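Down below is the structure, laid out as structure tokens.
Values in this text are rule-based calculations from the coordinates and carry no lab data. Note that the structure is a prediction, hence the values are computed from the model and not measured. Cβ coordinates were reconstructed from backbone atoms using ideal geometry, including for glycine residues, and neighbour counts include every protein chain displayed.
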Amino acid sequence: MLPFCHFEIRATRPRTSQYPKQISTLGDHLRARRLDLNLLQKQVADQIGVHPLTITNWESNESSPEVHFIPAIIQFLGYDPLPPGSSLAQRIATRRQVLGLSQRGMAERMGVNPDTLRGWEAGQHQPTGKSVNVIARALGNW
């Protein structure tokens, strides 16, 4: 008689056709994470604080989340999917979104005029003098 051999084959489970082929948008990140966690859109909607159809629209890239939902989305994902940006203008805008603030809210937090912040984010003008210190504090380790 031959001795019995016990072995186990392990492999990753193939992804479903619902899984995004390429993860490039915030909606793609949401769908991938939801499927990885085996959650329903309603369960994700409850965690983020939106209607389930909102999750459907985000995942299908029919709409984008409003800025005040970004912190809850980042918490659900467990990471920040927003690119940090290479320019100062992009870094300011990304930091504002991560905080879930409107331009007005970020301007108030920084102690600057909202039009000034809009100009910085649009790249219309560069900060000078003490504004550089204000931005450095707002960006932290960014």
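Which condition from (1) closer than 23 Å to E66 by Cβ; (2) in contact with a Pro (Cβ under 7 Å, 6 or more places away or on another chain); (3) in contact (Cβ under 8 Å) with a residue 40 or more places away in the chain is the one that W120 breaks?
Evaluating W120 over (1) closer than 23 Å to E66 by Cβ; (2) in contact with a Pro (Cβ under 7 Å, 6 or more places away or on another chain); (3) in contact (Cβ under 8 Å) with a residue 40 or more places away in the chain leaves (3) as the failure.
Mind counting the residues in the range 60-110 that are of a type in the set (G, A, S) and more than 30 Å from Q18 (Cβ to Cβ)? Don't jump to the end; show me each part of the working.
From the range 60-110, those of a type in the set (G, A, S) are 60, 63-64, 72, 78, 85-87, 89, 93, 100, 102, 105, 107; that's our starting set.
Filter again for more than 30 Å from Q18 (Cβ to Cβ), leaving 85-87, 89, 93, 102, 105, 107.
Here the count works out to 8.
Of the residues in the range 46-71, how many are surrounded by 15 or more Cβ atoms within 10 Å (Cβ to Cβ) and in contact with a Pro (Cβ under 9 Å, 6 or more places away or on another chain)?
5
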